[in-house]
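Every read-out reported here was derived from the displayed coordinates using simple, explicitly stated rules and does not represent laboratory data. Note that this is a predicted model, so its numbers are computed, not measured. Positions of Cβ are generated from backbone atoms using ideal geometry, with glycine treated the same way; all protein chains shown enter the neighbour counts.
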Amino acid sequence: MRTLFHDRVLGRRDLIKGAAAGVVLAGRPGRAGAQKKTVRLAFIGPLTGGTASNGLGGRNSFLLAVQERNAETLVKYRYETEVLDDECKPTVAVQAALKASSDPQVVAGVTHYCSVTAIATVDTYHKAGMPAMVWGAVLPEITYGHTHVEITRVNGTMINQNNVAANFAVKTLGFKTFALIHDTTDYGRAHAKYFTEYVEKAGGKILLVQGAAKDQKDYAAELTRAKAERPEVIWYGGLTPDGVRVKVQMDKLGVRAQFQGTSGIKSDTFNETAAQSAEGTLAFVDGAPTEKLPGGKRFLEAYAKAGFKEPAEAYGPFAYVAANLVMDAIEEVGPDRAKVAAKLKRTKSADTIIGPVEFDEHGQNTVPLISKYVSQDGKWVLWEDSEYASGKRTLPGIRFKKQ
Amino acid sequence: MLGVMYALIAVGFTLFFGVLDVIHFSHGDIFMLGAFAGLTALAGLGAAGLGAPAVALALAFAGSILVVGLLGVLAERMCVRPLARSSPLMTLLATLSLGLVIREAVLIFYPRGADPKPFPQLLPAGGFELGGVAIRYENLAILAIALLAMVTVDLLINHTRMGAAIRAVAQDPEAAQMMGVNLDGTVDLTFFIGSGLAAIAGILSGLYYSEIHFVMGVSGGVIGFSAAAIGGLGNVYGAILGGLLFGMVQTLSAALIPRGSEFRDVVAFAVVMLFLIVRPSGILGEKRVERV
């Protein structure tokens, strides 16, 4: 676990970025700004390791929200940031959570992309009484496994995601047989469990389920076994780097099946790395596409202007919204952990760039929409807008079925 | 295919151990660096218009071997040689730390280093079926390159003056020095060869899997070392055998054992443990007799 950014470092970096972007930043408060009380917010996500691209996108989006807030003249507080790396590893995440929560200056956190880290740190935040809003992890137990007031989640859970994914594959696309490969983390296992449940409910058949270690390089054995079962769909429950390997090796081994993934593979990196192999891949993400929302276009423009090196990725907007919800709560009830936690838990109809955010009694955003995506010409395209939906192109799995 | 790449990494481990009695734990990250050096060379050659696959690939191999080989020598001079008189634990810690530095440096300084990188496909596509088994030309080319690398190392070590010096130092450094062998130069050469082999393995991995990632050296290093230990640390042929065996155990356990893909590493490392218990010197390792 490393502290990659601290308030002073951030201030200097922000100054440089702000000069280019023309934004008034944290490092340069005006006269009134100099008198404002300083409040520190923590961001925790995977900044190194295999899922770092998602973590960096989330971190940048979080920093963007803070920069924008500090640039506003009417805010009561000046926000500083503490950015910590959880490496997508539970032990490292607990250390990061302990570091953030034991600092009395840190009022709240925007925490975790990986389910394994989010679930491991739930009790740490609870014991410290620090409000933590999850911005990317989708394991249901993170919010539904306890009654802690401190934990909220701005993104959806994998339950809704797999319900939509299974129904879409079986009922809309007409696929009946599936071979599942998942990583052996809580994330992969739980995805496989819910996907299996919903596929069977929809009338599909799971032929084979295989777990594989996260960051495994070679999937030849798993894919060869799957190929022998002749499934119509190879489904992968895991994150981008492994998803790329499964898809690329599927093509090399001549596995003639549709490839379908979870929200974990819906990243720009998947398309860039898998290149032509990515074409026709299906993935599902909670919420509507950022660019389709009223505030989404503005977010993407501000993100581009800020000059971040890495793209926001699929869950960047959630980190941005989480940071804004946390800062809204602090502005309203003051920088008091208990009051902020209680305020966040009661969030109703908050108007955000991902649409209205409303938490249920577990602090779970009841995201009403799951978006279906297909990889088309190296980009994730909303299914409804794609040439696959219009009939101009045929999904690989449907083409193989016809042959 | 997996075994071939493990074997190339394992040969590096075994060479370093044979000559200096050190376990060079950043060797896995040197393997990763080889892949990234190859990718950078290919991108550079592409930009310069040298697009013919065979030429580009040959130049990428040469460039990567040179750069990574020299970095391997530098690693030895920085982390191994200064600690020659310290406890072996110090060398282990220093090389582990160096591996972390290399890994994080790629993450931070390589453009968008956090992401997996697509690796250009320069080997011939297509293939044929033989007895119901699909054989790809690409796989044959990778096997041929790996075999060529291993045969070259064998020739270098067993049939040249340079190789005689390496073998002499491995056997008895002091006696070798008395016979006129340049100890420092021989150690440098060994690290150059070992790291160069890791560079070849890195590029082959990129060609086979079509992508490389900055964390690829972590498991590559541990498995390479385990393969060298199975084969017998210090024995080049043992390392090759160990690499092939490790890859075979992993693949067979995933293919044949129910839910085996979840336990492939458990099975493979259990085999390593078994070897360490039953035959600590490895398959082809020699028993060391210490005179007192």
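General remarks:
- Within chain A: Cβ-based charge dipole about Cα centre, in debye rounded to nearest 20 (Lys, Arg +1; Asp, Glu -1): 380
- When trypsin sites (Lys or Arg not before Pro) are flagged only if DSSP places them in a loop and at most 13 other Cβ atoms lie within 10 Å, the longest unflagged stretch of chain B comes out as B:86-258.
- The stretch A:196-236: C-alpha gyration tensor shape, a/c 1.5 cut-off, then a/b vs b/c: oblate
- FRET efficiency estimate (nearest 0.05) - Cβ-Cβ, A:Asp351 to A:Tyr144, R0 30 angstrom: 0.75
- Under 17 Å from A:Lys392, Cα to Cα: aspartates and glutamates that are on another chain or at least 8 residues apart: A:Glu279, A:Asp377, A:Glu384
- The alpha-carbon atoms of the stretch A:327-403, seen along their principal axes, cover 63, 22, 17 angstrom, with the largest extent given first.
- Using every pair of separate Cα atoms, the Kirkwood estimate puts the hydrodynamic radius of the protein assembly as shown at 26.8 angstrom.
- Using the Cβ-Cβ distance between A:Ser390 and B:Met178 with R0 set to 56 Å, the FRET efficiency from 1/(1 + (r/R0)^6) comes to roughly 0.10.
- When +1 charges are put on Lys and Arg Cβ atoms and -1 charges on Asp and Glu Cβ atoms, the dipole computed for chain B relative to its Cα centre reaches about 180 debye.
- On Cα atoms only, tilt of A:90-101 relative to the major axis of chain A in degrees: 20
- Annotation: amide H-H contacts under 5 Å for A:Val110 (H modelled 1.01 Å from N, sequence separation of 5 or more, or interchain): A:Ala42, A:Phe43, A:Ile44, A:Met133.
- Rg(Cα) / (2.2 N^0.38 Å) computed for the stretch B:39-149, rounded to two decimals: 1.44
- Mean ellipticity per residue at 222 nm, deg cm²/dmol - from DSSP H runs of n ≥ 4 across the protein assembly as shown, formula -39500 (n - 2.57): -18000 deg cm²/dmol
- Build a GNM of chain A with springs between Cα atoms under 10 Å apart, and of A:Leu180, A:Leu239, A:Leu74 the one that fluctuates most is A:Leu74.
- In loop segments of the stretch A:124-195 as defined by DSSP, there are no trypsin sites (Lys or Arg not before Pro) with at most 13 further C-beta atoms inside 10 Å of their C-beta.
- The average projected area of the stretch B:154-292, computed from the convex hull of its Cα atoms over all directions, is 10.8 nm².
- Cα gyration tensor, chain A - rounded (a/c under 1.5), prolate or oblate: prolate
- Sequence-distant residues sharing a close amide H with A:Gly287 (under 5 Å, placed H): A:Leu369, A:Ile370, A:Ser371
- C-alpha long axis of helix A:296-306 to longest principal axis of chain A, angle in °: 70
- Degrees separating the helix A:52-71 axis from the principal Cα axis of chain A, which is the longest one: 30
- Per residue convex hull volume, Cα atoms of chain B, in Å³: 150
- Amide hydrogen proximity for A:Thr352: with H placed 1.01 Å from N in the peptide plane, the residues at 5 or more positions away or on another chain lying under 5 Å are A:Val357.
- Applying D = kT/(6 pi eta Rh) to the stretch A:53-95, where Rh is the Kirkwood radius over alpha-carbon pairs, T corresponds to 25 °C and eta to 0.890 mPa s, the Stokes-Einstein value obtained is 204 µm²/s.
- Annotation: aspartates and glutamates with alpha-carbon distance below 15 angstrom to A:Lys305 (same-chain offsets under eight excluded): A:Asp14, A:Glu68.
- Kirkwood analysis of the Cα pair distances in the stretch A:233-339 returns a hydrodynamic radius of 16.1 Å.
- In this Cβ point-charge picture (+1 for Lys and Arg, -1 for Asp and Glu), the protein assembly as shown has a dipole of about 640 debye about its Cα centre.
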